[in-house]
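Values in this text are rule-based calculations from the coordinates and carry no lab data. All of these numbers come straight from a predicted model, not from anything done at the bench. Heads up, the Cβs are rebuilt from the backbone with ideal geometry, glycines too, and the neighbour counts pull from every protein chain shown.
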Amino acid sequence: MLTAWLNTRMLSVQVESVRAELRSEMKAMEERIGRQLAELELRLSKQIMELSQWVERLEEARGLVRP
């Protein structure tokens, strides 16, 4: 009976260890994804602003007027 209890206890400790490791890895992954999304948003915003400026210059050069 004692052996069964010890085996169960050891298994429980191992399971908790794996869970803690997975939580840590998931948190690190979430942080990386968050940073990558922020960088992507910044790049997209910059490209949209550049495109808008390019369109404005093109309209001015062609004598077009926005409604």
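From the phi angles alone, apply the Karplus equation (6.51, -1.76, 1.60; θ = phi - 60°) to the range 37-45 and give each ³J(HN,Hα) in whole Hz, x where the residue is Gly or Pro.
5, 5, 5, 5, 4, 5, 5, 5, 4
With charges set only on the Cβ (+1 for Lys and Arg, -1 for Asp and Glu), what does the dipole of the chain come to about its Cα centre, in debye to the nearest 20?
120
For the charge dipole of the chain, defined by +1 on Lys and Arg C-beta atoms and -1 on Asp and Glu C-beta atoms about the Cα centroid, which residue among Leu22, Leu58, Thr8 has the Cα displaced farthest towards the positive pole?
Highest projection toward the positive end goes to Thr8.
Give, in whole angstrom and from largest to smallest, the semi-axes √(5λ) of the equivalent ellipsoid of the chain, with λ running over the eigenvalues of the Cα gyration tensor.
That gives 62, 8, 4 Å for the three semi-axes.
Using a Gaussian network model on the chain with a 10 Å cutoff between Cα atoms, which of Glu16, Glu25, Glu39 fluctuates the most?
With Cα springs under 10 Å in the chain, the top fluctuation among Glu16, Glu25, Glu39 is at Glu16.
Rounded to the nearest angstrom and ordered from largest down, what semi-axes does the equivalent ellipsoid of the range 1-40 get from its C-alpha gyration tensor (root of 5λ)? The partial results should precede the final answer.
Working: eigenvalues 298, 3, 3 Å².
One finds semi-axes of 39, 4, 4 Å for the range 1-40.
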